[in-house]
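Computed from the coordinates by the stated procedures, all read-outs in this text should not be read as laboratory data. Model, not experiment: these values are computed from the prediction. Here the Cβ positions follow ideal geometry from the backbone for every residue, glycine too, while neighbour counts run over all protein chains shown.
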Amino acid sequence: MQEISLAAEKIYQLGGFSITNSLLLSMLVSFVLIILTLVLRHQIALIPNGFYNAAEAVIEGLFNLVESVAGSFEQAKQFFPLIGALFIFILWNNWSGLIPGVGTITINHLPLLRGPTADLNATLALALVSVIATQYYGIKYTGFFANAKRFINFTSPILLFVGLLELVAEFAKVLSFSFRLFGNIFAGEVLLVVMGLLAPYLAPLPFIGLELFVGFVQALVFAMLTLVFLKVAVAESHNT
């Protein structure tokens, strides 16, 4: 009977570094994405075709979405590498947990692979990337001190209080980002395990389709919220 573990299981110890089953699958996903990127890079042509054509359509659609939210082509060019990378990486990690064998192939009675975003450590790292990037772009557009005035402003008690609330909100973003993504993906894994135990062959099929949709939505929500926070940070910095 398959067990459900909240934490990722350690499958190998490399010196003082633990390799968990979720980290292993995340590295495999990263490797596949790197290989695909290199392949697409060598297929660049004036008249695209095949797989490159499909990939270009996806990237173009994603860039148009980023531009519509950012409000300008120049800001879209600045933000797109981060937003596009977050969306694609999270989407593939979400969907990788649905690959047959993930969670069922075991080594030493532990699952060899586990969905990366069903591990709170992974989603916490992604949330930190998002929040740190927000501060980076705020500093890049206006300078360190202008951006810092959003959080520490002694010109009046009200602005100081508002700044402290902004600082607390930044930490709240980390928790919100990480727990939202982790909770949705982990809950999906639990649902599939339960349905697989109740009716192993037919019952999980519609829920796999549902989890594909949830994985897409969660990746899009994470990327778009990051983009909105980037836009707000830049706009507030300009108004400071």
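Structure notes:
- Going through [x] 63, 51, 40; [y] 77, 38, 27; [z] 47, 40, 32, the figure that equals Cα extents along the principal axes in Å as computed for the structure here is [x].
- Helix 204-239 axis versus longest C-alpha principal axis of the chain: approximately 10°, rounded to the nearest ten.
- Footprinting exposure proxy ranking of Ile152, Ile11, Ile185, fewest other C-beta atoms within 10 angstrom first, gives Ile152, Ile11, Ile185.
- Treating r as the C-beta distance of Leu167 and Ser18 and R0 as 30 Å, the FRET efficiency rounds to 0.40.
- Cα→Cβ-extended label distance, 7 Å offset, between Ala146 and Leu38, nm: 4.2 nm
- Tilt relative to the chain, helix 50-70 - C-alpha long axis, 0 to 90 degrees, to 10: 40 degrees
- Residue order, fewest to most beta carbons within 10 Å, for Lys10, Lys149: Lys10, Lys149
- Within straight-line cross-link reach of Lys231, lysines at Cα separation under 19 Å, skipping those fewer than 8 residues along the same chain: Lys77, Lys140, Lys149, Lys173
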